[in-house]
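Scroll down for the structure; my scribbles are underneath it.
The values are calculated or read from the model by the stated rules, or taken from the named source; none is laboratory data. Keep in mind it's a predicted model, so treat the numbers as computed, not measured. Reconstructed Cβ throughout: ideal geometry from the backbone, glycine too, with neighbour counts over all protein chains shown.
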Amino acid sequence: MLGILASIIDGVLVGLVYGLAAMGLTLIWGVMDVINLTHGTMIVAGMFTLYLLTSALGVPPYLALPPVLVGGFIVGVALYWIAVHRMIGRPPLMSLLSTFAVNLVLIGIGTGVWGTALFNVAVSVPGISIGRYTFPGAHILAAVLAAVIAAALYLFLHGTRLGRALRAVANNREAAELVGIPSTRLLAIAFGCGVSLAGVSGLLIGTLFPFTVLSGDGYQLKGFVVTVLGGFGNPIGALLGGVALGVLEGAVTPFVPVSWTLVIEFGLFVLVLIAFPGGVFARRGTL
Amino acid sequence: MKRLCLLAAAATLLAAPAFAQNSASSDTITVGFTESQTGPLNVDSLGLVRGAEMWRDEVNAAGGIKAGGKSYKVQFVTYDDQSVGGRVQQLYTRLIVQDNAQFLFSPYSSGLTAAAAVVSEQYGRIMLDGGGAEAKPFMLGNKYLFMVITPAGSYLSGAVAALAQKEPHAKIAMVYSDDPFSKAVLAAAKDQATKVGLEVAMDESYAPSTTDFGPVVNKIISSNADAFFGGGHYSDGATLARQMYDQKANMKWVSILVAPGDDKFGELGPAALGVTVPSQWEVQVSYLPQFGPTTPQFAKAFQDKFNAKADYHAAAGYTQGAVLQHAIEQAGSVDPEKVTAALNAMDVTTFFGRIKFATDPEHHGLQAAHDMVLAQWQQMPDGKLGRQVVWPEAAKSADLMYPIPPATH
């Protein structure tokens, strides 16, 4: 019984990080109807930035957060102008292909530089043990930081002038432009924020698990499931969706063979799509 | 402009046969294979390819393979298979039909090798397999497929024997990747373990794309197992090792496939300590070769050439070539049937170990003599973590560390 409880708690902790990873994806979708297929690679970029800062410069792992946050934003804005801007307003397939192409280029460069070798960042944070089960300190800290960053995003979107402008663009771009909101600039900012969130979640995941250049695919796939659970275009829904996915993984594993976890996970994905085509927590267009 | 295009086309037509003739030159042997330059198998494939390249360069520097009064230089034709089985079948067909490869080396991994073997057999090309350990392709009546490494069924034999000696009634949790290689290894290990009186407390596979093993580790703890056998390929094995350490699973014994065989595994620090890995070859082994380099010579030459430590993939890559070379020399010809006969009759010892192929129709080409060793991550004399050979007793370079010290973080 304690084992099941431990797995559920573990699911909540990791789910918060999954949720943060999906928030970037859903933010970009919510504002500009673009599915960013570089998302997984941006998560990996966060992991490698963490590795380089900690191993080469000796920066403590969690102090790498601000540079990744800012660097991710800058990279995101650049990506927007390179790969996305000309696709805005065109069929979604165009931006999908455009970001897919950029993703292939980035993975190719990453594989050329680092290969698919393993990288690990050692994090020493004391954990909490209940009986024979231990919750690693890095997992607890990553979950807390994910929740704090998600709360900060919520406050940014709802409590600042820029955030409200972003929501206005997401709601109705033409109307926002009519009242003087520079929508193109805001789309670039939204893309930057989305990539920044991907980078930060990559950093947090990098403190939990070893990684390779190709690790992003799995998290991107989870991001899609979380986005569907949480509702397209709803960042806070994504966080809840992440927790739901984590809890599901934790709660299912003790009862079924491990190989069935993915089957159940994606079975649920299909069921949610059928029952709630816009996601469980859908508030489309309102961010 | 039109005239220029016509001229270019004519030149291409004239040049094409010349290239084709060159690739099938009578004093050059063309060996074809695919490598996983991209995709998840990149790291292990790289070692295999580097080993093969080293063999090629050494052979050519020594004047080539001598057979029937001729010297044959070796040239490689390779493509990136992107770690994808579908690509392998296309590319091995191309290697044979377009590039006129006379001999083939396998790609890396059991899955890709099985895909390539379908093509090599169809065209009757000899393929030396140094990258796929699954035995299944060798039970289909193939005539030209020869495995130079120990088959998957024997991967964990040493681990089972060593564990049974230390803890005769140990309970084992087996958690492994849902791929042909890992499933074959663990199925055989389960049989071997139960035969010697060990108990299998948990036997489950996971999807290769699994990223978080937290709930799985909790399940392992709940199973009350003393020992862990499992993993699969690269990042999954490393993630399992780290999460078992982070979550204080405190296994007395941990054997993980493939991942701990790479030096980068040491980056896990204390999570790597005590982890054992079945290995086809380690730099500490000292077989007396009948031909080719000794282990120290191979290890040094590899380090000098690639500025990297040789691992068992590299040694297997080199051995594929050395075995092919020996067979051609024994056959005195590059005729496929004569070389096949020489391979069937082969029973030799190289720096990689003893090589002999099964010749009965049910297992033709399967490796029948090569032995695995069991390596363990231990604190080396210089204070750093490194791999020591701990099993079999006759080949060990250090005593087995048992039990693994509990996590203290």
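Yes/no per residue for (1) touching a helix residue (DSSP H, G or I) at 6+ places or on another chain (Cβ under 7 Å); (2) among the polar types (S, T, N, Q):
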| site | (1), (2) |
| --- | --- |
| B:Ala187 | no, no |
| B:Ala193 | yes, no |
| B:Val196 | yes, no |
| B:Asn218 | yes, yes |
| B:Ser222 | yes, yes |
| B:Ala238 | yes, no |
| B:Lys248 | no, no |
| B:Ser255 | yes, yes |
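To keep it simple, each residue is scored yes or no on (1) in contact (Cβ under 8 Å) with a residue 40 or more places away in the chain; (2) under 23 Å from A:Ala138 (Cβ atoms); (3) more than 13 Å from the chain's Cα centre (by Cα); (4) within 14 Å of chain B (Cβ to nearest Cβ).
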{"site": "A:Ala6", "(1), (2), (3), (4)": "yes, yes, yes, yes"}
{"site": "A:Gly11", "(1), (2), (3), (4)": "yes, yes, yes, yes"}
{"site": "A:Gly24", "(1), (2), (3), (4)": "yes, yes, no, no"}
{"site": "A:Gly30", "(1), (2), (3), (4)": "yes, no, yes, no"}
{"site": "A:Met42", "(1), (2), (3), (4)": "yes, yes, no, no"}
{"site": "A:Gly58", "(1), (2), (3), (4)": "no, yes, yes, no"}
{"site": "A:Tyr62", "(1), (2), (3), (4)": "yes, yes, yes, no"}
{"site": "A:Gly89", "(1), (2), (3), (4)": "no, no, yes, no"}
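Taking the options A:Ala142, A:Ala151, name whichever one is away from chain B (no Cβ under 13 Å) and of a type in the set (A, V, I, L, M, F, W, C).
A:Ala151
Where residues in the stretch A:220-235 are part of a helix (DSSP H, G or I) and more than 14 Å from chain B (Cβ to nearest Cβ), which of them is surrounded by the fewest Cβ atoms within 10 Å (Cβ to Cβ)?
So the residue we want is A:Val228.
Kindly provide the set of residues from the stretch B:326-365 that are in a helix (DSSP H, G or I) and among the small types (Gly, Ala, Ser), ordered by number.
B:Ala327, B:Ala331, B:Ala341, B:Ala342, B:Ala345
Test B:Leu91 against the criterion of being under 21 Å from the mean Cα position of the chain (by Cα) and closer than 20 Å to B:Ala331 by Cα, and give yes or no.
No: the conditions fail for B:Leu91.
Tell me, please, whether a residue that is crowded, with 23+ Cβ neighbours inside 10 Å and over 30 Å from B:Ser71 (Cβ atoms) can be found in the stretch B:312-322.
Scanning the stretch B:312-322, I find at least one residue that is crowded, with 23+ Cβ neighbours inside 10 Å and over 30 Å from B:Ser71 (Cβ atoms), so the answer is yes.
Check whether at least one residue in the stretch B:369-380 is in contact (Cβ under 8 Å) with a residue 12 or more places away in the chain, within 18 Å of B:Gly141 (Cα to Cα) and part of a loop (DSSP other than H, G, I, E, B), and report yes or no.
no
Considering the stretch A:184-219 alone, what residues qualify as being away from chain B (no Cβ under 13 Å), hydroxyl-bearing (Ser, Thr, Tyr) and touching a Leu at 6+ places or on another chain (Cβ under 9 Å)?
Of everything in the stretch A:184-219, just one residue is away from chain B (no Cβ under 13 Å), hydroxyl-bearing (Ser, Thr, Tyr) and touching a Leu at 6+ places or on another chain (Cβ under 9 Å), namely A:Ser196.
Just to be sure before I move on: is B:Val84 of a type in the set (Val, Ile, Thr) and farther than 26 Å from B:Phe181 by Cα in the structure I sent?
No: the conditions fail for B:Val84.
Being more than 8 Å from chain A (Cβ to nearest Cβ) and β-branched (Val, Ile, Thr) is the filter here, so list the residues in the stretch B:220-256 that pass it.
If the condition is that a residue be more than 8 Å from chain A (Cβ to nearest Cβ) and β-branched (Val, Ile, Thr), then B:Ile220, B:Val254, B:Ile256 are the ones that fit.
Being over 23 Å from B:Phe76 (Cβ atoms), of a type in the set (Asp, Glu) and modelled with pLDDT of 95 or more narrows it down to one residue among B:Asp304, B:Asp347, B:Asp335; which is it?
B:Asp347
Being within 21 Å of B:Gly130 (Cβ to Cβ) and more than 9 Å from chain A (Cβ to nearest Cβ) narrows it down to one residue among B:Gly261, B:Gly266; which is it?
B:Gly261
Only one of these conditions is not met by B:Phe352: (1) surrounded by 19 or more Cβ atoms within 10 Å (Cβ to Cβ); (2) outside the structural domain of B:Ala117 (by TED's automatic domain parsing); (3) of a type outside the set (Gly, Ala, Ser). Which number is it?
Every condition holds for B:Phe352 apart from (2).
Quick test for you: out of B:Ala161, B:Ala116, pick the one residue that is in contact with a helix residue (DSSP H, G or I) (Cβ under 9 Å, 6 or more places away or on another chain), assigned to a helix (DSSP H, G or I) and surrounded by fewer than 23 Cβ atoms within 10 Å (Cβ to Cβ).
After ruling out the rest, the residue left standing is B:Ala161.
Among the listed residues A:Leu214, A:Leu240, identify the single one that is touching a residue at least 24 places away in the same chain (Cβ under 8 Å) and in a helix (DSSP H, G or I).
Matching residue, one of A:Leu214, A:Leu240: A:Leu240.
Tally the residues that are in contact with a strand residue (DSSP E or B) (Cβ under 7 Å, 6 or more places away or on another chain) and under 22 Å from A:Ala251 (Cβ atoms), restricting the search to the stretch B:202-218.
Qualifying residue count for the region: 7.
Out of curiosity, is B:Gln82 over 30 Å from B:Phe228 (Cα atoms), free of Cβ contacts under 8 Å to residues at least 12 places away in the same chain and not basic (Lys, Arg)?
Judged against the criteria, B:Gln82 is not a match.
Checking the condition modelled with pLDDT under 95, in contact with a helix residue (DSSP H, G or I) (Cβ under 6 Å, 6 or more places away or on another chain) and within 30 Å of B:Met244 (Cα to Cα), which residue from A:Leu57, A:Leu27, A:Leu2, A:Leu20 passes?
A:Leu20
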